[in-house]
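The values are calculated or read from the model by the stated rules, or taken from the named source; none is laboratory data. Since the structure is predicted, the reported quantities are computational estimates derived from the model, not experimental observations. Neighbour counts run over all protein chains shown; Cβ positions are idealised from the backbone, glycine included.
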Amino acid sequence: MPSLHGVVGLPPGKARLRLLVRGEPAARKVQCSTCHLRRSCLPAGLSERELERIDSRMVTSLRKVHQGETLFRAGDRFEAMFQIWTGFFKTVLATSQGREQVTGFQMAGDLMGFEAIDAGLHSVDAIALEDSQVCVIPYSNLEALGREVPPLQRHLHRIMSREIVGDHDAMLRLGSMYAEERVAAFLLSLSDRLRERGFSPSSILLRMTREEIGSYLGLKLETVSRTFSKLQAGGLLFVCQRQIKITDPTGLAHLLET
C-alpha cells in the first residue's frame, strides 16, 4: 500500500487520490504462474497446482516507481511486501547525525519489507535507482496463503534466513575487510545475483553511484574510485564509467581468501 507520508490532514478521499499518484499502479496485474521471475522470487519451487492457488490472490497490483521516487519511507505503516518485478532499488537509513547510510541494493526478484514485520513500521527508505515496477503483496494475504500452501511459507522463511546471512556478511565487510576486499566482495555478490537470474555474471551495469557504493561499504568516494582503478590495473576488472567487466573472477575471489 502506498505511504501516508505527506498526506496527513487531507480528507480520506483526497488522501486516497494523492496516494494513487505516488507509486502509480500499472495497468495490469502479474500472474505468478506465468511470470518470468517465478523461479527466482517468492513462488520459487511451487508446483503448478500450488501456483494456481496463489494466482490472483497474492499479488494485488503492479506498481510503477520512477527513478528517484520512494516506494516507502522510514516510519510508514507496514501493510505489504514488495517483490521487484523490474528495476533496481536502494534502501537508506538516516543516522542520528542526519547523514544517509545505504543499507542495501535490491534488484528484480528481490523481496522488500522484511525489516518492518516486527514493529509494523518501515525503518528505511526504499528509493528507485531506475524506473522500476514492484508486485504489491499485502502481508495479510501472504500470511493466509502461507497457511494454505506450506511450501510458500517455507520459502519465505528461507528468504528471511538469507537476509539475516546477508546482514552478517555486511557486518563482516565493515568490520574486518580492507577496501579491495570490500569492493571485490560487493562485485562478486552482484555477479552471483545476476547469474541466478539468468544474466551474464561478468558484465555488470552499476545502477548506483560510487558514492552510494561507498556508503554501503563504509568507504569514502575517493577510496571506491581508487580501488576500482587498482583492480583494473591488476587485470581483474575493466571499468568504463558504470559498466564493469569482471575479467578475472578467480583472481577477484582470491582477494577474499588472502
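Structural remarks
- Selection within region 204-226 - touching a Gly at 6+ places or on another chain (Cβ under 8 Å) and touching a residue at least 40 places away in the same chain (Cβ under 8 Å): Y216, T223, V224
- Selection status of T34, of a type in the set (V, I, T) and without any contact (Cβ under 8 Å) to a residue 60 or more places away in the chain: yes
- Among (1) closer than 22 Å to E143 by Cα; (2) buried (at least 20 other Cβ atoms within 10 Å of the Cβ); (3) among the basic types (K, R), the one test that R77 misses: (2)
- Filter result for the condition that a residue is in the same structural domain as G87 (by TED's automatic domain parsing) and part of a loop (DSSP other than H, G, I, E, B), over A126, A119: A119
- Residue match in region 189-202 (condition: in contact with a strand residue (DSSP E or B) (Cβ under 7 Å, 6 or more places away or on another chain) and outside any helix (DSSP H, G or I)): yes
- Within region 72-99, being within 18 Å of the chain's Cα centre (by Cα) and within 13 Å of S123 (Cα to Cα) holds for F72, R73, A74, D76, F78, T91, V92, L93, A94.
- Applying the set (1) surrounded by fewer than 18 Cβ atoms within 10 Å (Cβ to Cβ); (2) modelled with pLDDT of 95 or more; (3) out of contact with any Leu (no Cβ under 6 Å at 6 or more places or on another chain) to G198 leaves exactly one unmet item: (2).
- In region 213-231, the residues that are buried (at least 20 other Cβ atoms within 10 Å of the Cβ) and under 20 Å from the mean Cα position of the chain (by Cα): I213, G214, S215, Y216, L217
- Some residue of region 137-145 being buried (at least 18 other Cβ atoms within 10 Å of the Cβ), assigned to a helix (DSSP H, G or I) and outside the structural domain of S61 (by TED's automatic domain parsing): no
- Selection status of E130, acidic (D, E) and at pLDDT below 90: no
- The C-beta contact set for region 235-248 (first residue without any contact (Cβ under 8 Å) to a residue 24 or more places away in the chain and under 17 Å from I213 (Cα atoms), second residue surrounded by 14 or more Cβ atoms within 10 Å (Cβ to Cβ) and not polar (S, T, N, Q), distance under 7 angstrom, 6+ apart or interchain) comprises V239/F228.
- A search for C-beta distances below 8 Å between a residue of region 179-203 that is outside the structural domain of G109 (by TED's automatic domain parsing) and any residue that is part of a helix (DSSP H, G or I) and among the small types (G, A, S), counting only pairs 6+ apart in sequence or on different chains, returns A184/A253; L188/A253; P201/S191; S202/S191.
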